[in-house]
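All remarks here apply to the structure that follows.
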Amino acid sequence: MRSARRTSPSLANSLTASKAHSENTETAARRLAKLRRSLHYHAHRYYVLDDPTIADGEYDRLFQELLDLEARFPELVSPDSPSHRVGGAVLDGFQPVRHQRPMLSLENVFTSGELADFIGRLRRYLKWEEELACMVEPKLDGLAVELVYAQGILVSGSTRGDGLVGEDITAQLKTVRGIPLQLHPWQEPPPENLQVRGEVFLSKSGFATLNRQRGEAGKPLFANPRNAAAGSLRQLDPAITAQRPLAFYVYGLGNPEVLGLASQEELLQRLAAYGFPVNPLTALCHSEQEVESRYHHLHELRPTLDYDMDGVVVKVNIIALQERLGATARAPRWAVAWKFPASQATTRIEGVEFQVGRTGVITPVARLSPVVIDGVLVRRATLHNQDEIQRKDIRLHDTVLVQRAGDVIPEVVKVISEARSGQEVQLVFPELCPACGQPLARKVGEAAVRCINTACGGQLIQRLIHFAGKSGMDFEGLGKKQVELLVEKGLVADFADFFTLDAASLAQLDGWGERSAAKVLAAINRRTEVSLARLLMALGIRHVGEVTAEALAAHYLSLDALRSTSQEQLLDVAGIGVEVAASVHNFFHHPATAILLERLQAAGLRIMGAQPQAAGQGEEQGLAGRVFLFTGSLATLSRNEAKQLAQAAGARVATSLSRQVTDLVVGARPGSKKAEAERLGLSILTEEAFMQLLQRDG
Ligand code: IVH
């Protein structure tokens, strides 16, 4: 602007105006900075400390002044402005966000015996003779989220998703009052990057109010606080999220090393100092005994709390020990969820259905007299399999105890035999597939009864539902009902058919119309280019879940490489054992698979190149390339634990001696393998040497 020589009168005017504006801008910027500081401070006192020092009216006045100023100077709206608390622009959809570190899950224990086993295992592994101090934290039943702070400012917020990739809900999370938009000042400058993790939840009272309002407005009610919290966060319009009384408790970091602290206790203290709400019921326990009494204490408190708590999380307090213990692909080894006993109710079995799954397994499902458990209406419960029906002696019309735990399908725990009238009818497991009528089979040593007809229509529908669903291609708008309709109308008979659907036939379907047809087609089109991992998941190969699909994709990088690999080579992929390798190999060598893949490619499906797996991320790769064989009895580990530790460090584990084995780990009474290994010139390790190796390279 300054260099403009030929200034016209009108431009000169606007320059003067712009100079005045820039002076105003400076004043406004100063005032805004002050308002932001003050509003942050008072919001923290109110929402986190529960100890406000100004009247609500005064707070509202300051807030309004901030909103007015930002409306006049939109360029001054900073990413940490409290105005984000009321919600920003409406989004068109949620963008995927890859977590910088995987958001792991937790292993569960249910009894004090299982907890004792867990702690015993840790102590043996760590060779820790004293008591092991643990943090005991309430396990809230909400939604795990990650908040990324860059130089102290909240820049990204996401859901856990599949643990590797979540959804971007930054705008929604900014409306959650307990979440600081900027870290409170600390003695040292804020870390460059801080990955804060915690739980967003809705209080029971907030849930009741919300449902009352919805009832009055004639809207459908939420089944429980967790669903309501999830529904509130997944609002494309953040202004709606802002109206929901969501709360937040922090419980950890994705990258704890950046703070250089020694313990989980100090970490939570620091997070509190940064302005995060920490659950006040969190306590450091110095012995196993203390952990146990804390668990019982919180269990007693549970009904008096205004939020749902489904157990406690027990975490090794010392971070250096956490690091030594590391993590499996699924969960850290230094923490465990000790769940409260599941909620149960009694009801009657009205009928039993036998459902065919996508791999042909027949699952008996009880139809129940509807019963409310934890605020959720339960109409069905799984009976698992034939053996379970026999073991529990479940009969038609029995009164049964049903339990619901977290997200899993409700199950029948036992029969209330005192309630029998004699009218109950023995259940007969079908001999023919309820979907295709072909004979069912059961392998020796397996609990599952299966339909082995590869052309079974019942299995096909389930495979198609899985392919289109969230853990498959995730075609938005194509749920179970819609896929069933497409199959019934003959529009889809295999995976490739989804990609050649046309708008006209879809629009004619009952209750569809042109708009839904266009939406679904757009959703399918978005997926004509997929990652190898997603495709592997979607294909529904037995034993291939998220983690295995990611591992295969990262190892092989292309579908062709994976198709031409041998069963032996598959065992080289970290985390893949004999059973999975066989399943993957069989799948790719089945003649139908070749046809299927060809049809998918002909229909336009393209597979994006995968990224090689970065060493040292998630799973430690220190022992990659080595193949361990264990022999004799180990003193501090079970075989299975030893195997898991080796695999987690990137090594493979063999079950018999072959030329591929690089190291033999010998316990007591090793047998003949040791001599043979010596003859082959293999490296022979004691159990202690193996443990040292893990600690050094694992
Ligand atoms: S720690 C690396 N601490 O439980 C450790 N999780 O299966 C991973 N959860 O959905 C989590 N309260 O959101 C941790 N105090 C707590 C927790 C907690 C609730 C949830 C978490 C996740 C699930 C883990």
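The values are calculated or read from the model by the stated rules, or taken from the named source; none is laboratory data. None of the values given here were measured: they were computed from a predicted structure. Glycine gets a Cβ as well: all are built from the backbone with ideal geometry, and neighbour counts include every protein chain shown.
Residues of the range 366-399 being assigned to a strand (DSSP E or B) and over 18 Å from Gln344 (Cβ atoms), which ones?
Those that are assigned to a strand (DSSP E or B) and over 18 Å from Gln344 (Cβ atoms): Arg367, Arg395, Leu396.
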If Ile153 meets every condition in (1) in contact (Cβ under 8 Å) with a residue 60 or more places away in the chain; (2) over 21 Å from Leu267 (Cα atoms); (3) touching a strand residue (DSSP E or B) at 6+ places or on another chain (Cβ under 8 Å) apart from one, which number is that one? (2)
The range 321-342 - residue that is surrounded by fewer than 16 Cβ atoms within 10 Å (Cβ to Cβ) and either farther than 29 Å from His296 by Cβ or away from the ligand (no atom under 16 Å from the Cβ) (or both) and, of those, modelled with the lowest pLDDT: Pro341
Suppose we keep only residues that are part of a helix (DSSP H, G or I) and more than 25 Å from Lys315 (Cβ to Cβ) within the range 234-278. Which one would you say is nearest to the ligand (Cβ to nearest atom)? Thr241
Considering residues of the range 137-157 that are near the ligand (Cβ under 9 Å from one of its atoms) and within 21 Å of Trp334 (Cα to Cα) only, the residue modelled with the lowest pLDDT: Asp141
Any idea how many residues of the range 197-229 are surrounded by fewer than 19 Cβ atoms within 10 Å (Cβ to Cβ) and of a type in the set (Phe, Trp, Tyr)? 0
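Every residue, every condition in (1) at pLDDT below 85; (2) among the acidic types (Asp, Glu); (3) closer than 30 Å to Glu546 by Cβ, yes or no:
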| site | (1), (2), (3) |
| --- | --- |
| Lys19 | yes, no, no |
| Asp51 | yes, yes, no |
| Leu69 | no, no, no |
| Pro74 | no, no, no |
| Gly93 | yes, no, yes |
| His99 | no, no, yes |
| Leu104 | no, no, yes |
| Phe110 | no, no, yes |
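What about Ala646, is it at pLDDT 80 or above, under 30 Å from Phe475 (Cα atoms) and among the hydrophobic types (A, V, I, L, M, F, W, C)?
Working: at pLDDT 80 or above: yes; under 30 Å from Phe475 (Cα atoms): no; among the hydrophobic types (A, V, I, L, M, F, W, C): yes.
Answer is no for this residue.
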Looking at (1) within 12 Å of the ligand (Cβ to nearest atom); (2) in contact with a Leu (Cβ under 9 Å, 6 or more places away or on another chain); (3) at pLDDT below 95, which is the one condition that is false for Tyr125? (1)
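Taking the options Ala435, Ala447, Ala455, name whichever one is assigned to a loop (DSSP other than H, G, I, E, B), in contact with a Cys (Cβ under 8 Å, 6 or more places away or on another chain) and closer than 20 Å to Val365 by Cβ. Steps first, please.
On the way: Ala447 fails: in contact with a Cys (Cβ under 8 Å, 6 or more places away or on another chain); Ala455 fails: closer than 20 Å to Val365 by Cβ.
Going through Ala435, Ala447, Ala455 in turn, the sole match is Ala435.
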Select, from Glu131, Glu70, the only residue that is out of contact with any strand residue (DSSP E or B) (no Cβ under 7 Å at 6 or more places or on another chain) and more than 29 Å from Arg197 (Cα to Cα). Glu70
Applying the selection to the range 564-604, what residues are charged (D, E, K, R), surrounded by 15 or more Cβ atoms within 10 Å (Cβ to Cβ) and farther than 19 Å from Gly625 by Cβ? Arg599
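Can you say whether Arg98 is closer than 20 Å to Gln644 by Cα and either more than 14 Å from the ligand (Cβ to nearest atom) or out of contact with any strand residue (DSSP E or B) (no Cβ under 9 Å at 6 or more places or on another chain) (or both), as far as the supplied structure shows? Before you say what the answer is, go through the steps one by one.
On the way: closer than 20 Å to Gln644 by Cα: no; either more than 14 Å from the ligand (Cβ to nearest atom) or out of contact with any strand residue (DSSP E or B) (no Cβ under 9 Å at 6 or more places or on another chain) (or both): yes.
For Arg98, the condition - closer than 20 Å to Gln644 by Cα and either more than 14 Å from the ligand (Cβ to nearest atom) or out of contact with any strand residue (DSSP E or B) (no Cβ under 9 Å at 6 or more places or on another chain) (or both) - is not met.
Answer with yes or no whether Asn193 is away from the ligand (no atom under 14 Å from the Cβ), out of contact with any Ser or Thr (no Cβ under 7 Å at 6 or more places or on another chain) and under 23 Å from Val90 (Cα atoms).
On the way: away from the ligand (no atom under 14 Å from the Cβ): yes; out of contact with any Ser or Thr (no Cβ under 7 Å at 6 or more places or on another chain): yes; under 23 Å from Val90 (Cα atoms): no.
Spelling it out, it is not the case that Asn193 is away from the ligand (no atom under 14 Å from the Cβ), out of contact with any Ser or Thr (no Cβ under 7 Å at 6 or more places or on another chain) and under 23 Å from Val90 (Cα atoms).
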If Met103 satisfies every condition in (1) in contact with a Gly (Cβ under 8 Å, 6 or more places away or on another chain); (2) under 28 Å from Val312 (Cα atoms); (3) away from the ligand (no atom under 16 Å from the Cβ) but one, which is the exception? (3)
Taking Val492 and the conditions (1) surrounded by fewer than 19 Cβ atoms within 10 Å (Cβ to Cβ); (2) in a loop (DSSP other than H, G, I, E, B); (3) modelled with pLDDT of 95 or more, which numbered condition does it fall short on, given that it satisfies the others? (1)
